[in-house]
Amino acid sequence: MTATLLATHRVEKPWGRHTLWPGFENPAPEGDPVGEIWFQTPGDSTPDLLIKYLFTSEKLSVQVHPNDEQAHAVGLPRGKDECWVILAAEPDSTIALGTRFPTDRETLREAALDGSIEDLLDWKPVKAGDFFYSASGTIHAIGAGITLVEVQQNSETTYRLYDYGRPRELHLDQGIAVAEPVPFVPHPMPGDVGNGRDILVEGPKFVLERWQAGSREVAMPEGITGWLVALTGGGTIGGTAFRAGQCLTVTGEARLEADEGSDLLFAYPGDTRI
């Protein structure tokens with residue numbers, strides 16, 4: 001068994017914040033706000049999954065990601081399915097997922113150009129504890145006042161459709177080609193399977209589980225890596241200590257001891273729970 005603590009990479013963003021999440025040091029008041037914290041695997045490897053925290057004070061751009069087949073067609077290693085576990089949200093916080101009604105691509109393009117795409121999208125209120133799976137092709141935008149953990153296929157291919165007048169590049173041709181401008185359909189959540197274990201998503205690209213305090217045996221099949229994220233609390237896995245704000249990769253077999261009050265995420269690639 002190998003349990004490896006991952007390095008954190010703080011990403012400063014104009015839409016970020018100076019107040020983060022327990023386990024992370026807040027940026028200095030006079031410093032740039034932090035919008036993302038990534039967990040990086042050692043070396044030059046490009047693992048299947050990427051885990052990050054997001055801290056928003058403004059709306060993020062309206063964007064969409066390609067699927068595997070579309071990514072391969074332009075020489076990219078994989079598409080990007082992603083999901084979000086909402087840790088905290090201000091009372092009026094929202095996330096846009098899909099369009100309010102089926103829309104043709106020409107209408108979508110015109111709406112992106114004139115800004116009416118904001119009204120075309122389905123903005124959903126969010127609160128702590130919510131979970132959303134955004135499959136590739138889903139038009140989406142994360143709103144302001146949200147703290148979340150994102151689990152995604154390890155790809156940073158993002159096609160930006162609209163950015164509220166900010167001076168950043170848009171990718172209308174690529175984005176509209178891969179977008180599915182239809183109402184969002186929630187991904188099935190298998191739910192509680194006992195022993196403090198909830199399955200948030202089971203495929204098609206990865207499995208995400210949520211674990212509470214206690215002991216459990218973890219056994220990863222050969223060649224499969226798991227990612228353990230401590231939202232709160234801490235403990236040990238395979239003798240390696242961890243705490244809130246940290247993430248580890250796990251291979252082989254190990255015993256997990258999670259302290260009382262711990263709230264953990266465990267992710268791994270594939271379409272079936274282990």
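The values are calculated or read from the model by the stated rules, or taken from the named source; none is laboratory data. Given the structure is predicted, the values throughout are model-derived calculations rather than measurements. Ideal geometry is used to build each Cβ from the backbone, glycine not excepted, and the neighbour counts take in all protein chains shown.
Looking across the stretch 179-215, the residues that are in contact with a Gly (Cβ under 8 Å, 6 or more places away or on another chain), surrounded by 12 or more Cβ atoms within 10 Å (Cβ to Cβ) and within 25 Å of Glu260 (Cα to Cα) come down to Gly196, Asp198, Ile199, Val207, Trp211, Gln212, Ala213, Gly214. Taking first residues from the stretch 231-258 that are over 18 Å from Glu209 (Cβ atoms) and at pLDDT below 95 and partners that are among the hydrophobic types (A, V, I, L, M, F, W, C) and part of a strand (DSSP E or B), the Cβ contacts under 9 Å between residues at least 6 apart in sequence or on separate chains come to Gly239/Ala3; Gly239/Ala254. Scan the stretch 10-30 and give yes if some residue there is among the aliphatic types (A, V, I, L, M), buried (at least 21 other Cβ atoms within 10 Å of the Cβ) and closer than 25 Å to Ala230 by Cβ, otherwise no. No, there is no match, as no residue in the stretch 10-30 is among the aliphatic types (A, V, I, L, M), buried (at least 21 other Cβ atoms within 10 Å of the Cβ) and closer than 25 Å to Ala230 by Cβ.
For the stretch 94-106, the condition holds for at least one residue, the condition being that it is surrounded by fewer than 21 Cβ atoms within 10 Å (Cβ to Cβ), of a type in the set (S, T, N, Q) and within 14 Å of Asp130 (Cβ to Cβ).
Just one of (1) modelled with pLDDT of 95 or more; (2) surrounded by fewer than 21 Cβ atoms within 10 Å (Cβ to Cβ) fails for Gly223. It is (1).
Of all residues in the stretch 122-162, those that are touching a His at 6+ places or on another chain (Cβ under 8 Å), over 30 Å from Thr232 (Cβ atoms) and at pLDDT 95 or above total 5.
Among the residues of the stretch 156-181, which ones are closer than 24 Å to Leu76 by Cβ, in contact with a Ser or Thr (Cβ under 9 Å, 6 or more places away or on another chain) and in a loop (DSSP other than H, G, I, E, B)? Within the stretch 156-181, Thr158, Asp163, Arg168, Leu170, His171, Ala179, Glu180, Pro181 meet the criteria.
Note down all Cβ pairs under 8 Å where the first residue falls in the stretch 77-91 and is in a loop (DSSP other than H, G, I, E, B), the second is hydrophobic (A, V, I, L, M, F, W, C), and they're at least six residues apart or on different chains. Partner pairs satisfying both residue conditions: Pro77/Ala71; Arg78/Ala71; Gly79/Ala71; Lys80/Ala71; Asp81/Ala135; Asp81/Phe206; Glu90/Ala144; Glu90/Ile146.
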